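Asker: My structure is below; once you've seen it, I'll send some questions.
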Amino acid sequence: MGADAWIALLADPGSWQERWSDIRPHDLLDWKRPKAYEDVIDAAREDGLNEAVRTGTATIGDRPAWLAVFDFRFVGGTLSIVAGERLARGLEAAAASGVPYLLVTASGGARMQEGVLALMQLAKVNGAVGRLHASRTPFFSILTDPTFGGVSASLALMADLNIAEPGAAIGFTGARVIKQATYADLPKGFQSAEFQLAHGQVDMVVPRTELRRRLIHLLELYR
Amino acid sequence: MTDTLSVWQLVETARHQDRPYFGDYVSRLVPDFVELHGDRLSADDPALVAGVGTWHGRTALFMGNQKGRTLTERLRRNWGMMHPEGYRKALRLAHQAAKFGFPIVCLVDTPGAYPGAGAEERGIAAAIAGAIMEWFTIPVPVLACIIGEGGSGGALGLAVADRVLMMENSIYSVASPEAAASIVWRDNARKVEAAEQLQITSRDLLAMGVVEEVIPEPPGGAHTDYDAAARALDAALVRSLQPLLEEDPRALLERRYERYRYIDSLIGAAEHFGPKVGATGE
């Protein structure tokens with residue numbers, strides 16, 4: 001499900017106000033093969049997509065919230081400089097105002113085409129997450145399929161409440177790579193939301209149809 | 001030396017089996033080093049060696065990945081690839097260093113965190129994420145140096161610091177060249193092409209503003225002269241530490257936050273992102 005559909009599902013009708021949609025990715029490393037990064041970005045933008053993270057404010061059950069939503073359709077929802085910048089600005093704004101921060105993840109990890117600068121976004125974002133916690137602002141993370149690599153190793157699992165969708169694959173290293181690296185047979189359901197619930201990484205597994213109602217209740221409890 | 005090597009030759013130098021490892025450096029920099037073990041939760045991760053000792057007249061906490069030189073040692077050290085327990089040990093000792101006011105030096109040399117089922121079952125993602133987040137709250141000077149391989153989030157979990165240095169022939173990357181090739185080509189045999197595009201050399205990272213300093217290695221590389229490499233590392237670390245010792249802890253943490261908050265500002269992004277300095281209220 002794309003970012004636009006998630007925003008429509010969670011936000012009160014007409015309440016969404018997008019921020020920083022004008023900041024755009026650039027080919028800083030001169031990446032040409034197998035596809036030029038510029039062409040990859042242009043193709044995604046021609047499909048009407050605006051980077052792997054969109055962020056803004058909304059109300060949810062009449063309560064204000066910051067919302068940051070990954071979009072897997074934009075280069076696999078990869079964490080980029082623009083994504084990291086939008087996340088950090090939103091986290092800082094939420095910390096300053098005390099308005100709850102809601103995150104929806106869907107990502108393969110950091111964006112290879114931005115090299116080590118994409119890796120640095122993990123630190124940029126987690127520094128801001130630490131400040132959000134210090135400001136005692138609620139932070140709920142909704143983990144959707146898939147959530148891996150640099151996103152699971154940055155803000156995705158650092159929320160006060162980690163809420164996973166049923167069956168969503170959540171982990172650091174993908175199952176294919178683990179099998180290649182270790183020749184291990186992985187159990188059925190490895191890295192599923194239910195597996196992560198059993199292993200202490202998420203607080204609850206909530207189906208999409210019940211999510212908005214559950215969030216409204218949680219926003220009430222953590223007000 | 002960097003001038004004459006291809007990117008892939010540099011990768012091979014960074015991974016050279018005779019390259020000095022954490023133990024080779026720490027025995028030279030901190031002769032009275034006392035190793036400390038365990039995360040106080042479940043285990044001790046041998047892929048990360050950590051301990052305290054006297055460094056230029058003061059007690060300091062040193063930690064780093066240990067790859068192991070023989071096959072037996074490599075198996076025991078897991079080639080320097082940490083499990084969740086390693087990141088938890090690092091944080092436990094970082095908090096201890098904060099308690100006693102010890103500066104912290106992290107020497108990074110890992111292909112990445114361990115890509116195995118056990119690591120996943122015990123929460124490797126959250127362990128790395130928690131480490132990255134908590135390093136921003138450790139109110140003593142933190143120095144990091146990439147001494148060989150700095151691979152992915154597994155390396156960054158030990159490299160959120162006030163100053164980050166690189167040995168000349170080391171590499172630091174969002175993913176290993178093999179992993180990056182597997183992601184963008186679906187074929188890890190394209191590792192050389194991936195390495196060339198990723199910009200992972202010390203010179204690249206200095207130009208991007210991701211590291212503060214590159215430490216020149218002896219002619220032929222660090223593996224040809226451990227003593228000279230250790231002297232160069234020692235001198236650079238001490239030089240980096242000096243100004244940090246005089247900083248007020250709150251200012252130190254503010255600056256560490258800003259170091260990463262605006263770390264991408266050098267690479268031409270400024271015009272697209274607007275003002276980069278002072279936005280968090282300095």
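Asker: I'd like the residue in region A:30-60 that is small (Gly, Ala, Ser) and surrounded by 14 or more Cβ atoms within 10 Å (Cβ to Cβ) and, out of all such residues, is nearest to the other protein chains (Cβ to nearest Cβ).
Answerer: A:36
Asker: Answer yes if at least one residue in region B:152-161 is facing another protein chain (nearest Cβ under 10 Å), within 11 Å of the chain's Cα centre (by Cα), within 19 Å of residue B:74 (Cβ to Cβ) and of a type outside the set (Val, Ile, Thr), and no otherwise.
Answerer: yes
Asker: Return yes or no: is residue B:130 part of a helix (DSSP H, G or I) and more than 8 Å from chain A (Cβ to nearest Cβ)?
Answerer: No; evaluated as a whole, the condition is false for this residue.
Asker: A further question follows. Restricting attention to region B:231-245, does a residue exist that is in contact (Cβ under 8 Å) with a residue 24 or more places away in the chain, away from chain A (no Cβ under 14 Å), among the acidic types (Asp, Glu) and within 24 Å of residue B:31 (Cβ to Cβ)?
Answerer: Yes - at least one qualifying residue is present in region B:231-245.
Asker: Restrict the check to region A:68-90 and report whether at least one residue is surrounded by fewer than 17 Cβ atoms within 10 Å (Cβ to Cβ), away from chain B (no Cβ under 14 Å) and closer than 22 Å to residue A:132 by Cα.
Answerer: No, there is no match, as no residue in region A:68-90 is surrounded by fewer than 17 Cβ atoms within 10 Å (Cβ to Cβ), away from chain B (no Cβ under 14 Å) and closer than 22 Å to residue A:132 by Cα.
Asker: May I pose another question? Tell me which strands (runs of 3 or more DSSP E) are completely within region A:1-94 and hold 3 or more residues being in contact (Cβ under 8 Å) with a residue 40 or more places away in the chain, or say none if there are none.
Answerer: A:53-60, A:63-70
Asker: Has region B:197-211 got at least one residue that is surrounded by fewer than 20 Cβ atoms within 10 Å (Cβ to Cβ) and over 26 Å from residue B:241 (Cβ atoms)?
Answerer: no
Asker: Against the condition in contact with a His (Cβ under 8 Å, 6 or more places away or on another chain), at pLDDT 95 or above and acidic (Asp, Glu), how does residue B:73 come out, does it pass?
Answerer: No.
Asker: Scan region A:99-118 for residues that are facing chain B (nearest Cβ under 8 Å), over 15 Å from the mean Cα position of the chain (by Cα) and of a type in the set (A, V, I, L, M) and report the count.
Answerer: 3
Asker: Just give me the residues in region A:143-189 being in a helix (DSSP H, G or I) and either surrounded by 24 or more Cβ atoms within 10 Å (Cβ to Cβ) or not basic (Lys, Arg) (or both), in sequence order.
Answerer: Residues satisfying the conditions are A:149, A:150, A:151, A:152, A:175, A:177, A:178, A:180, A:181, A:182.
Asker: Could you check how many residues of region A:128-153 are away from chain B (no Cβ under 14 Å) and either over 16 Å from residue A:197 (Cβ atoms) or not polar (S, T, N, Q) (or both)?
Answerer: 6
Asker: Enumerate the pairs (first residue in region B:7-34 and crowded, with 20+ Cβ neighbours inside 10 Å; second residue anywhere and among the β-branched types (Val, Ile, Thr) and at pLDDT below 95) with beta-carbon separation below 8 Å, excluding pairs fewer than 6 apart on the same chain, so at least 6 apart or on different chains.
Answerer: B:10/B:2
Asker: Could you tell me whether region A:174-187 includes any residue that is closer than 22 Å to residue A:91 by Cβ and within 14 Å of chain B (Cβ to nearest Cβ)?
Answerer: No; the residues of region A:174-187 include none that is closer than 22 Å to residue A:91 by Cβ and within 14 Å of chain B (Cβ to nearest Cβ).
Asker: Please go through region B:102-125 and give me each residue that is at the interface with another protein chain (Cβ under 9 Å from one of its Cβ atoms), of a type in the set (A, V, I, L, M, F, W, C) and surrounded by fewer than 23 Cβ atoms within 10 Å (Cβ to Cβ), ordered by number.
Answerer: Of everything in region B:102-125, just one residue is at the interface with another protein chain (Cβ under 9 Å from one of its Cβ atoms), of a type in the set (A, V, I, L, M, F, W, C) and surrounded by fewer than 23 Cβ atoms within 10 Å (Cβ to Cβ), namely B:117.
Asker: In region A:193-215, what residues are away from chain B (no Cβ under 14 Å) and either of a type in the set (Phe, Trp, Tyr) or not in a loop (DSSP other than H, G, I, E, B) (or both)?
Answerer: A:204, A:205, A:208, A:209, A:210, A:211, A:212, A:213, A:214, A:215 - these are the residues of region A:193-215 that are away from chain B (no Cβ under 14 Å) and either of a type in the set (Phe, Trp, Tyr) or not in a loop (DSSP other than H, G, I, E, B) (or both).
Asker: If you scan region B:69-97, which residues turn out to be free of Cβ contacts under 8 Å to residues at least 24 places away in the same chain and either crowded, with 20+ Cβ neighbours inside 10 Å or among the polar types (S, T, N, Q) (or both)?
Answerer: Result: B:70, B:72.
Asker: Among the residues of region B:174-203 satisfying the criterion of being closer than 24 Å to residue A:76 by Cβ and touching a strand residue (DSSP E or B) at 6+ places or on another chain (Cβ under 6 Å), which is farthest from the other protein chains (Cβ to nearest Cβ)?
Answerer: Restricting to residues being closer than 24 Å to residue A:76 by Cβ and touching a strand residue (DSSP E or B) at 6+ places or on another chain (Cβ under 6 Å), the top hit is B:176.
Asker: Every residue in region B:225-239 that is in a helix (DSSP H, G or I), over 15 Å from residue B:56 (Cβ atoms) and over 18 Å from the mean Cα position of the chain (by Cα), please.
Answerer: B:226, B:227, B:228
Asker: Here's something else I'd like to know. Within region B:153-211, how many residues are modelled with pLDDT of 95 or more, within 30 Å of residue B:123 (Cβ to Cβ), in a loop (DSSP other than H, G, I, E, B) and not polar (S, T, N, Q)?
Answerer: Of the residues in region B:153-211, 11 are modelled with pLDDT of 95 or more, within 30 Å of residue B:123 (Cβ to Cβ), in a loop (DSSP other than H, G, I, E, B) and not polar (S, T, N, Q).
The values are calculated or read from the model by the stated rules, or taken from the named source; none is laboratory data. On a predicted model such as this, the values are computed, not experimentally measured, just so you know. Here the Cβ is made from the backbone with ideal geometry for all residues, glycine too, and neighbour counts use every protein chain on show.
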